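Have a look at the structure below, then the notes.
The values are calculated or read from the model by the stated rules, or taken from the named source; none is laboratory data. Bear in mind that the values here come from a model prediction, so they are computed numbers and not experimental data. Positions of Cβ are generated from backbone atoms using ideal geometry, with glycine treated the same way; all protein chains shown enter the neighbour counts.
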Amino acid sequence: MILNIGFVMCAGVFLFAPVGEREFKTRPVLNLFGMRQLGYWLGLLTGDLLLFVPQAILFVALILCIGLRPFSDQLGEFTALIMMFGLSLITHTYLFSHMFTKQNQATKWLVTIYLLVCTFLPQVLSYSSLVASALEN
């Protein structure tokens, strides 16, 4: 849960370019200079992955320093899982960015949605199922 909260707080950074290009109407200028859609989105994804990777490396280093055995014993799988999480977080942020027209509004609401729906709701559901199964026994 701490991992998800930490990375979700950084998800607002991934919103700046997609929402900003709509807010400041830079798409016609990019088209004028010959920027194609595929190049724009691949470049944006590459840049955002380069922002995500140092955070993920620091998190893996923290796991190694603390010595959490469940994670450090399977470090390769854990690192791959974090990288896939980053890729899905960035691409979902791009998908959700189309709901907003202002950067401040997008950051405020998307982080709130990610925290409530993607972090706390699964926790509440898992704890409620644990309580329900404990009450049955």
List every residue pair whose Cβ atoms sit under 9 Å apart, with the two residues 6 or more apart in sequence or on different chains, where the first one lies in segment 75-91 and is over 22 Å from residue 43 (Cβ atoms) and touching a residue at least 40 places away in the same chain (Cβ under 8 Å) and the second, anywhere, is among the aliphatic types (A, V, I, L, M) and assigned to a helix (DSSP H, G or I).
82/3; 82/56; 82/60
Answer with yes or no whether residue 8 is among the aliphatic types (A, V, I, L, M), over 13 Å from residue 97 (Cα atoms), modelled with pLDDT under 90 and touching a helix residue (DSSP H, G or I) at 6+ places or on another chain (Cβ under 8 Å).
yes
Going through segment 60-96 one residue at a time, which ones are surrounded by 12 or more Cβ atoms within 10 Å (Cβ to Cβ) and under 12 Å from the mean Cα position of the chain (by Cα)?
82, 83, 85, 86, 87, 89, 90, 91, 92, 93, 94, 96
The conditions are (1) under 14 Å from the mean Cα position of the chain (by Cα); (2) surrounded by fewer than 17 Cβ atoms within 10 Å (Cβ to Cβ), and residue 43 fails exactly one of them. Which is it?
(1)
Scanning segment 5-63 residue by residue, those free of Cβ contacts under 8 Å to residues at least 60 places away in the same chain, in contact with a Ser or Thr (Cβ under 9 Å, 6 or more places away or on another chain) and either within 17 Å of residue 88 (Cβ to Cβ) or not hydrophobic (A, V, I, L, M, F, W, C) (or both) turn out to be 13, 45, 48, 56
Among residues of segment 94-137, those that are in a helix (DSSP H, G or I) and under 30 Å from residue 19 (Cβ atoms), counted:
28
